[in-house]
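See below for the structure under consideration.
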Amino acid sequence: MPRRPLLTLAALFALAACASPGGDPQPVSRVVLLDQGLTMEERRILHFTPQGTEIMPASWLASLRVGPTSETRLMDPEILARYRFIKDPASDPATNPYGFPLGFATHVHRGPGGPPEGVRMVGFTCAACHTGQINHNGTAILIEGGSAMHDAVAFQRRMAEAMILTAELGWKRERFLDEVMRREGWPGGREALARSFDTAAARVLVRKPLEDRLEVVKEGHGRLDALQRIANQVLGENLNQPENELVRDAPVSFPPVWDIWLFDWVQYNASVRQPMVRNVGEALGVRARTQFLDAEGAPIPVPARWDTSTLVRDIDLIERTLHKLRPPRWPSEILGPVDPAEAERGRIAFGQRCAGCHGIQVIRGTANPPEWHVPVIPLTRIGTDPNAATGFASRTYDASRLGISERIGGAEALRVLTAAVKDRAYDLLVPSPDAAGRAALDGFGRENLVRAPCGYKARPLIGIWATAPFLHNGSVPTLHDMLSPTRPEQFVVGDREFDPVKVGYRSDRLEFGTLFDTRETGNSNQGHWFRDGGGPGVIGPALPEAERRAIIAYLKVATEADYPTRMVDRPGPAPCETDSRWASR
């Protein structure tokens with residue numbers, strides 16, 4: 001039986017017009033690795049250890065070509081550079097057999113569901129979003145654990161377009177099938193491969209309008225609406241309940257991950273207490289495979305309902321490797337020297353102006369490791385864009401297909417689902433009586449607590465110089481703007497060229513990025529102000545220019561040894577945590 005076309009001819013031409021390739025917009029002549037406490041082997045662990053997430057078979061991704069006639073593969077460096085994925089500087093075939101960018105990890109599929117057993121799959125691992133790159137005068141500086149600048153949404157759209165075009169254009173489809181068979185073959189042969197690919201491409205086409213509708217605020221370079229994406233994936237797509245897939249209107253910047261294992265709340269919004277719960281939730285949101293329902297849409301009996309492709313042993317290896325990661329030190333030989341006297345003046349000013357929230361607060365009675373309290377600053381105090389906090393706290397979902405009778409909030413859903421998934425994975429790996437083994441995987445035996453705080457956490461700022469743009473939603477381009485009484489209303493994000501004076505990326509060249517408009521919902525640059533006269537979100541008086549520059553100088557060179565640190569008692573709940581009224585303010 002001939003295959004039915006998925007698209008009309010007009011739609012096919014329209015799709016093809018969107019898929020033109022482009023070269024590297026900002027080539028560099030060398031890549032510099034900073035000393036961040038990791039060996040090369042440990043860097044490779046972070047870059048390419050899989051979490052169990054599955055985008056598609058690796059041989060498919062390597063074989064897809066862009067456009068209707070182009071010979072350029074989707075994963076060619078000249079294409080990936082447009083989306084700011086970081087090229088693998090080592091190209092070690094043992095850890096990265098396909099030569100994919102940092103953060104694209106492969107593993108052999110073992111279920112549940114999906115492709116045949118034994119197919120090598122590719123998915124994102126932590127390094128995709130938590131490795132940064134700073135360019136300066138032709139030199140690229142790799143920031144391990146830093147903030148990525150990629151546009152993952154645009155890349156996934158290009159990937160979807162490539163799949164649909166390949167499925168629709170006969171000669172393109174035949175070439176793709178031939179190439180996949182040459183690379184790794186396919187269980188059941190070429191015809192089985194063709195059926196699998198056609199099914200996957202049809203599913204991508206069906207979901208494309210929904211994906212386009214959900215993004216009401218452009219995520220763009222360096223941002224994702226991460227928590228809403230987890231909810232949409234797990235409670236919407238995985239349960240076949242599109243009504244649970246809610247709009248994405250609160251993109252957040254990718255936070256740096258050094259020191260987070262010491263924090264008392266380890267998720268970027270201070271919602272999650274336990275590292276394994278955070279990591280399993282992230283893996284589920286980035287397409288770890290689940291099989292909650294059977295073919296008729298009924299819940300699969302427990303415990304098999306909670307089988308996933310999540311690889312908790314590998315996740316634990318990544319987490320333990322992160323314990324060795326140190327914040328990046330300012331590379332003065334590349335970015336310029338820092339005046340020690342100015343930095344010392346900045347250290348004193350930082351202690352007076354900023355350390356109350358951003359200092360290291362070691363919780364008394366904790367050791368091996370000492371735990372750092374990271375305070376949550378209420379929205380009514382900090383005044384920054386509320387969407388990320390209010391959406392997580394106020395949205396609810398229908399989880400009746402999982403046996404939950406009442407509508408459930410995002411925090412409770414995350415707690416229940418991640419607990420079930422990780423406990424099932426533990427049961428298959430660690431004998432139930434082995435409490436010590438389970439506690440070690442959890443991360444120092446931490447309890448599975450998930451909350452929806454009414455504010456944002458104020459983390460220590462060691463290494464913050466390497467993480468622009470700033471505020472949780474990336475709405476302030478430089479540290480200088482962050483400390484100033486006024487900020488740019490619009491700027492370009494996506495340019496990797498670093499400004500070592502203002503400390504941030506260049507933001508004036510539209511050809512190297514996309515326009516960020518702070519007037520759009522979710523993009524507000526208000527709050528955390530230093531300016532005279534008081535008002536919403538004002539946390540201190542206007543800083544003289546000399547003081548701003550001094551604080552910036554200190555933040556370039558700050559280390560744990562000279563950073564303001566104090567002992568605190570273990571705090572109670574975050575302010576307003578149980579007050580439902582705050583979400584409507």
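Table for the structure above
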{"read-out": "Mean Cβ count within 10 Å, highest first, over the residues of peptides 296-303, 553-560", "value": "553-560, 296-303"}
{"read-out": "Region 80-166 - Rg (one decimal) and Dmax (whole number), Cα, Å", "value": "14.8, 49"}
{"read-out": "Semi-axes of the equivalent ellipsoid for region 442-526, Cα gyration tensor, largest first, Å", "value": "28, 16, 13"}
{"read-out": "Reciprocal mean inverse distance between Cα atoms of region 361-465 - Kirkwood radius, Å", "value": "16.8 Å"}
{"read-out": "Sites residue 368 and residue 156 - FRET efficiency at Förster radius 45 Å, r taken between beta-carbons, to 0.05", "value": "0.60"}
{"read-out": "Label-point separation in nm, residue 444 to residue 243, each point 7 Å along Cα→Cβ", "value": "4.4 nm"}
{"read-out": "Label-to-label distance, nm, for residues given as residue 320 and residue 71 (7 Å Cα→Cβ offset)", "value": "4.8 nm"}
{"read-out": "Mean Cα-pair separation over length for region 213-252, i.e. relative contact order, pairs under 8 Å, 6 or more apart, %", "value": "57 percent"}
{"read-out": "For region 273-395, projected area of the alpha-carbon convex hull averaged over all directions, nm²", "value": "13.9 nm²"}
{"read-out": "Calculated on alpha-carbon atoms, Rg and Dmax of region 201-270 in Å", "value": "14.5, 45"}
{"read-out": "Between helix 275-285 and the chain: long-axis angle, C-alpha atoms, 0 to 90°, nearest 10", "value": "40 degrees"}
{"read-out": "Point-charge dipole on Cβ atoms (K/R +1, D/E -1) for the chain, about Cα centre, debye to 20", "value": "260 debye"}
{"read-out": "Under 28 Å, Cα to Cα: Lys pairs in the chain, sequence gap 8 or more or different chains", "value": "17"}
{"read-out": "Net lengthening on full extension, residue 560/residue 302 (0.36 nm per residue, minus Cα-Cα)", "value": "88.2 nm"}
{"read-out": "Residue-by-residue Karplus 3J(HN,Hα) for region 552-557, coefficients 6.51, -1.76, 1.60, Hz, glycine and proline x", "value": "4, 4, 5, 5, 5, 10"}
{"read-out": "Ratio of the Cα radius of gyration of region 25-171 to 2.2 N^0.38 Å, where N counts its residues", "value": "1.08"}
{"read-out": "Helix-derived mean residue ellipticity, 222 nm - over the chain, DSSP H n ≥ 4, -39500 (n - 2.57), to 500", "value": "-9500 deg cm²/dmol"}
{"read-out": "Amide H contacts under 5 Å for residue 516, placed H, 5+ residues apart", "value": "491, 492, 493"}
{"read-out": "Phi to ³J(HN,Hα) by Karplus 6.51 cos²θ - 1.76 cosθ + 1.60 over region 441-457, Hz, x for Gly, Pro", "value": "5, 5, x, 6, x, 5, 6, 7, 10, 10, 9, 10, x, 9, x, 10, 7"}
{"read-out": "Virtual spin-label span in nm between residue 26 and residue 511, 7 Å along Cα→Cβ", "value": "1.4 nm"}
{"read-out": "Helix axis angle, 170-183 relative to the chain longest principal axis, alpha carbon, degrees", "value": "80 degrees"}
{"read-out": "The chain - share of DSSP beta bridges that are antiparallel (%, nearest 5)", "value": "75 percent"}
{"read-out": "Helix 312-322 vs. the chain, principal-axis angle (Cα, 0 to 90°, nearest 10)", "value": "30 degrees"}
{"read-out": "Net lengthening on full extension, residue 175/residue 108 (0.36 nm per residue, minus Cα-Cα)", "value": "21.7 nm"}
{"read-out": "Farthest toward positive dipole pole in the chain [+1 Lys/Arg, -1 Asp/Glu at C-beta], among 50, 39, 510", "value": "50"}
{"read-out": "Long-range HN-HN contacts of residue 399 with modeled amide H, under 5 Å", "value": "408"}
{"read-out": "Over region 281-330, relative contact order from alpha-carbon pairs under 8 Å, at least 6 apart, %", "value": "30 percent"}
{"read-out": "Distance-filtered residues of region 455-483 - backbone nitrogen under 15 Å, label point 7 angstrom along residue 501 Cα→Cβ", "value": "478-481"}
{"read-out": "Residue-by-residue Karplus 3J(HN,Hα) for region 252-263, coefficients 6.51, -1.76, 1.60, Hz, glycine and proline x", "value": "10, 5, 6, x, x, 10, 5, 6, 5, 5, 8, 6"}
{"read-out": "Long-range amide H partners of residue 311 with built H, under 5 Å", "value": "52"}
{"read-out": "Within region 436-490: Cβ-based charge dipole about Cα centre, in debye rounded to nearest 20 (Lys, Arg +1; Asp, Glu -1)", "value": "200 debye"}
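Quick note: the coordinates plus some simple rules give every number you see, no bench work behind them. As the structure is a prediction and not an experimental result, all values here were calculated from the model. Positions of Cβ are backbone-derived with ideal geometry, glycine not excepted, and every protein chain shown enters the neighbour counts.
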